[in-house]
Amino acid sequence: MNETTGMILEWVIKGAVVAVICLIGFAYTTYYERRFLARIQVRIGPNRAGPWGLLQPVADGIKLIFKEELVPDKAYKFAFMLAPVLTMAPAIIVMGVVPWGTQANFFGRTIELGISNNLNVGILYILSVTSIAVYGIVLAGWASNNKYAMLGGLRSTAQMISYELALGLSFLPPIMLAGSLSLGDIVKGQQDFLWYFIPLLPTSIVFFIAVLAEVNRSPFDMPEAEQELVAGYHTEYSGMKFALFFMGEYVKMFSMSAVFSTLFLGGFAGPFVEQVPWLGPVYLLIKIIICLGLMIWIRGTLPRFRYDRLMKFGWKILLPIALINVVLTALMISIFGL
Amino acid sequence: MLESYYPIAILIGITVGLGILVMGLGHWFGPRRPTQRKNAPYESGMMPYGPGTRQMPIRFYLVAVLFILFDVEVIFLFPWAVVYRELGLFGVIEMAIFIFILLVGFIYALKKGAFEWE
């Protein structure tokens, strides 16, 4: 086997592994959420399928495969089919630049843990890829030809693009500290210095809030405001197409948690990671699980925002705070010379 | 340099394939018994009323335009943030002027009531 085929095989295997990790992450995030929410609300949660209900996500998936899929008569068929894929795909593609570790030995071959750790435009890549998901939501709302779906789609689009500004600005302070757009360099910068959430605590809080709004999580879950809109932009979707939207939301929770951990919580860094590189993925997974737990905890605690307050909060409070954080970080670097 | 993009291209291919596979699973295994009522727009069991796509509030358009304005300006900050340490005092002052202009625009939009959703 020559070098080129080896490299291509390695890339295909790594891509498949990351996609499978995202899918398993999606399945067990739903399980984690249902169990954790149940505990918060003093219930037990799913515990029948398999030991401790561990097979519940599998049962749900199989059930959805055998459900009838409806396509409304008046829907725009092609856009209606395209929208779910367009919502789900970016969530997994984001994982392409998240580093899972440094170099490791794998059956006598040195491989890089992560798909493209040192992509020199890593952060811009994350920003642009996450924006694609907005197209999926607009298309879903419009192609359904249903007034509630249309309203839900418009609302979540306006929400996502408003919070994307605060998100984009909150990417800046870690870049300034690390001096690079590549996520591998940002992790290296944290190994040499401190985990960035310590010097950049306000930025990491703004980032986390913006991520909650980006993935349409409670308390920003406008698309699922059942009392106002039937089910938002995915009202007309059923069966596996609905599953794709659901997957998009949860995989995005998973991958944005990975991005948050990489930027602020040290990524794969942890004790002994230099000696045993295979610990990197384990540390990253632990940090992702902590972030997911925080998101679920917030869902179990806070009521939903009213829509006008949500927009006001995003534009009038979050955006100026994010801008001030950038200026403060600039001053901090030039005064203390970090 | 281009080498670091190949694995990402492969990942995109795998992901799109996965999406098509999931759609296919539902297509092959799901039953298909459409009736006229089932295929009507869902409005909580009521008879569908009026057209599906209607005029939308102009505010959404305003938000979209403001988003494009500010997003372009945020993108301008990225190259500055990368080379911030090398630029030194010059960089700080340049960007302070830029952010000040941004802020003036923001305050103008605020005073005009662009972010009000009564």
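Coordinate-derived values only; no laboratory data. Keep in mind it's a predicted model, so treat the numbers as computed, not measured. Cβ coordinates were reconstructed from backbone atoms using ideal geometry, including for glycine residues, and neighbour counts include every protein chain displayed.
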Unique match (being surrounded by fewer than 12 Cβ atoms within 10 Å (Cβ to Cβ), of a type outside the set (S, T, N, Q) and more than 7 Å from chain A (Cβ to nearest Cβ)) among B:68, B:75 | B:68
Say we look at region B:44-59 and pick out the residues that are at the interface with another protein chain (Cβ under 7 Å from one of its Cβ atoms) and surrounded by 14 or more Cβ atoms within 10 Å (Cβ to Cβ); which of these is farthest from the chain's Cα centre (by Cα)?
-> B:52
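Within region B:98-105, does at least one residue satisfy the condition of being without any contact (Cβ under 8 Å) to a residue 40 or more places away in the chain and touching a Ser or Thr at 6+ places or on another chain (Cβ under 8 Å)?
Let us first name the residues in region B:98-105 that are without any contact (Cβ under 8 Å) to a residue 40 or more places away in the chain, namely B:98-105.
If we keep only those that are touching a Ser or Thr at 6+ places or on another chain (Cβ under 8 Å) as well, we get none.
No, there is no match, as no residue in region B:98-105 is without any contact (Cβ under 8 Å) to a residue 40 or more places away in the chain and touching a Ser or Thr at 6+ places or on another chain (Cβ under 8 Å).
Taking the condition under 30 Å from residue A:186 (Cβ atoms), of a type in the set (Ser, Thr, Tyr) and more than 10 Å from chain B (Cβ to nearest Cβ), does residue A:102 pass?
yes
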Within region B:92-112, is even one residue facing chain A (nearest Cβ under 8 Å), exposed (fewer than 14 other Cβ atoms within 10 Å of the Cβ) and part of a loop (DSSP other than H, G, I, E, B)?
-> no
Examine region A:141-156 for a residue that is among the small types (Gly, Ala, Ser) and not in a helix (DSSP H, G or I), and state whether such a residue exists.
-> yes
Of the conditions (1) at the interface with another protein chain (Cβ under 7 Å from one of its Cβ atoms); (2) of a type in the set (Phe, Trp, Tyr); (3) in a helix (DSSP H, G or I); (4) within 28 Å of residue A:329 (Cα to Cα), the single one that residue B:115 does not satisfy is (3)
(1) touching a residue at least 40 places away in the same chain (Cβ under 8 Å); (2) buried (at least 23 other Cβ atoms within 10 Å of the Cβ); (3) at the interface with chain B (Cβ under 9 Å from one of its Cβ atoms) all hold for residue A:93 apart from (1)
Residues within region B:1-36 that are surrounded by fewer than 16 Cβ atoms within 10 Å (Cβ to Cβ) and either over 16 Å from residue A:69 (Cβ atoms) or of a type in the set (Ser, Thr, Tyr) (or both), tallied | 10
Restricting the search to region A:299-320, which residues are surrounded by fewer than 18 Cβ atoms within 10 Å (Cβ to Cβ), out of contact with any Ser or Thr (no Cβ under 7 Å at 6 or more places or on another chain) and not charged (D, E, K, R)?
-> A:300, A:301, A:303, A:307, A:317, A:320
Counted residues, region A:175-201 - those being closer than 23 Å to residue B:67 by Cβ and either among the charged types (D, E, K, R) or in a helix (DSSP H, G or I) (or both) = 1
Taking residue A:282 and the conditions (1) more than 11 Å from chain B (Cβ to nearest Cβ); (2) more than 16 Å from the chain's Cα centre (by Cα); (3) in a helix (DSSP H, G or I); (4) buried (at least 18 other Cβ atoms within 10 Å of the Cβ), which numbered condition does it fall short on, given that it satisfies the others?
-> (4)
